[in-house]
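Asks: Questions regarding the structure given below will be posed in turn.
Just so you know, all these numbers are worked out from the coordinates, no wet-lab data involved. Note that this is a predicted model, so its numbers are computed, not measured. Positions of Cβ are backbone-derived with ideal geometry, glycine not excepted, and every protein chain shown enters the neighbour counts.
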Amino acid sequence: MELFTMVITMCIGGGPCTTSHVSRPDFTSAAVCEEKIATVTHAKTKELAQDPTLKGKTVTYDVTCFSHAQFVATFGDPQSI
């Protein structure tokens, strides 16, 4: 069974962007991974809302689900991001 990794690039208020990844055992297909995008980004947005310095700033996300082979071909070592 192949596992997929969600790669999230997040930009806050036009500032620098950060990239992170989420790997879960239940991401067994691109479709399952993609179904969880809203849940993951909503949780991150709630977390960011607790920071008063970010109040009123726009948060944008670029999210893609990669198979292991796609991830390695794009990013190399999974620990690199």
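Asks: Quick check on my filter: what residues within the range 7-22 are under 10 Å from the mean Cα position of the chain (by Cα) and free of Cβ contacts under 8 Å to residues at least 60 places away in the same chain?
Replies: Ile8, Thr9, Met10, Thr18, Val22
Asks: While we're here: Under 6 Å between Cβ atoms, at least 6 apart or on separate chains: pull out the pairs that start in the range 23-46 with a residue that is surrounded by 10 or more Cβ atoms within 10 Å (Cβ to Cβ) and end on any residue that is in a helix (DSSP H, G or I).
Replies: Phe27/Cys33
Asks: Looking at the range 2-81, what helices (runs of 4 or more DSSP H) fall wholly within it and have at least 1 residues that are touching a helix residue (DSSP H, G or I) at 6+ places or on another chain (Cβ under 7 Å)?
Replies: It comes to 37-49, 68-75.
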